[in-house]
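What follows is one structure encoded as structure tokens, with my remarks underneath.
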Amino acid sequence: MNAIIKWVLFVLVLILLVGSYTLYTFVDRIKNGVEEYDYDPPELTIREATTAILVFTKTNAYIHKEAIKASVPALQKLCADQGWEMYHTENGAIFNESQLSLFDVIIWNNVSGPVLTDIQQNAMIDYIEKGGGFIGIHAAGDGSHKWTWYRENIIGAEYSHHPMNPQFQEAKIHLECDTILSFPCDELSTSFDRTDEWYIFMDNPRNNGMRVLYTVDESTINPDGQFYLLQRDKKFGMGKDHPIAWYNTIKKGRSFYSAMGHTADSWIEEAHLDIIRKAILWTGQIQPKK
Ligand SMILES: [Zn+2]
């Protein structure tokens, strides 16, 4: 065989091997995440008497780079308008009793993968059970977290997939406003169209004790998540009842989860920001600014 052909074949095989390895590690990171923990807590300057919100964006699995980048200043403005202090970090070591006690609400903003050590997880459970507020956004409810307490109490459903055909779709969402847990839903939009990456869960969080705030009208989307050989048997959706944002009480604490918020545009969308503002008020048991 001609030496040039041999070289071309060698380079092609090398490209194939490197490509397969890169794809494998990417898919493995998204599905299972990597265990990278933090041990040195940040220095905080939060005053004890102020209403304070912790925005946590550690990503040990899929990184929603654009959404996180757009959401931090949007949340900063939302907090400033209400007179709340906001602290943003990717440092998981902030999950310790004394530093968490400074905050009214913790927001897991597109957090992914295993991000807390057992001790840090216990600090978060303790914080919530004693009356703290928790909000999870989008990837905070994907399948990469591998934490049973978290899945059962905060998310209340097992993630399956998101549509791939196409990935982003405009859909209609509907509000469910009840007074049972006094969620301040009366001023939220009752029904509107928005574009996002719509998560599909294996089970319905409503059946696991969660109170639903919004459902997505599945007749307005194609839930098919088939993606070549990587995602098979994912043609299904959740049917007529497809919750997309919900809330729950955990002992003295309160939690809220919204599967919306993949896109950067979500963070300039007034109706979406209104939902987050109401979720902060409710989970943090905070009085709104008059
Ligand atoms: Zn996403």
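The values are calculated or read from the model by the stated rules, or taken from the named source; none is laboratory data. Note that the structure is a prediction, hence the values are computed from the model and not measured. No Cβ is skipped: glycine too gets one built from the backbone with ideal geometry, and neighbour counts run over all protein chains shown.
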Any residue that is away from the ligand (no atom under 16 Å from the Cβ) and in a loop (DSSP other than H, G, I, E, B) - is there at least one of those in region 14-35? yes
Sort out which residues of region 70-83 are surrounded by fewer than 19 Cβ atoms within 10 Å (Cβ to Cβ) and either within 14 Å of the ligand (Cβ to nearest atom) or among the aromatic types (Phe, Trp, Tyr) (or both), and write them in order of number. 70
Looking only at region 225-265, and only at residues there that are within 16 Å of the ligand (Cβ to nearest atom) and among the charged types (D, E, K, R), the one that is modelled with the lowest pLDDT: 234
Contact list, first residue from region 174-193 and not assigned by TED's automatic domain parsing to the domain that holds residue 211, second anywhere and exposed (fewer than 13 other Cβ atoms within 10 Å of the Cβ) and modelled with pLDDT under 95, beta-carbon distance below 6 Å, six or more apart or interchain, is none
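Conditions (1) of a type in the set (Phe, Trp, Tyr); (2) more than 16 Å from residue 113 (Cβ to Cβ), marked per residue:
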residue: 54; (1), (2): no, yes
residue: 57; (1), (2): no, no
residue: 70; (1), (2): no, yes
residue: 73; (1), (2): no, yes
residue: 77; (1), (2): no, yes
residue: 84; (1), (2): yes, yes
residue: 90; (1), (2): no, no
How many of the residues in region 180-228 are assigned to a loop (DSSP other than H, G, I, E, B) and farther than 30 Å from residue 23 by Cα? 15
Only unsatisfied item for residue 181, checking (1) at pLDDT 95 or above; (2) under 24 Å from residue 150 (Cβ atoms); (3) not aromatic (Phe, Trp, Tyr), is (1)
Restricting the search to region 275-289, which residues are among the β-branched types (Val, Ile, Thr) and assigned to a helix (DSSP H, G or I)? 275, 276, 280, 283
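Here's the yes/no breakdown for (1) surrounded by 11 or more Cβ atoms within 10 Å (Cβ to Cβ); (2) under 25 Å from residue 281 (Cβ atoms); (3) not assigned by TED's automatic domain parsing to the domain that holds residue 134:
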| position | (1), (2), (3) |
| --- | --- |
| 5 | no, no, yes |
| 21 | no, no, yes |
| 38 | yes, no, yes |
| 66 | yes, no, no |
| 100 | yes, yes, no |
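Taking region 40-60, which residues are of a type in the set (D, E, K, R) and within 16 Å of residue 96 (Cα to Cα)? Explain how you work it out, then say what you get.
Step one: of region 40-60, the residues of a type in the set (D, E, K, R) are 40, 43, 47-48, 58.
Those that are of a type in the set (D, E, K, R) and within 16 Å of residue 96 (Cα to Cα): 40, 43, 48, 58.
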Please verify whether region 158-179 includes one or more residues that are under 20 Å from the mean Cα position of the chain (by Cα), part of a loop (DSSP other than H, G, I, E, B), within 16 Å of the ligand (Cβ to nearest atom) and within 23 Å of residue 248 (Cβ to Cβ). yes
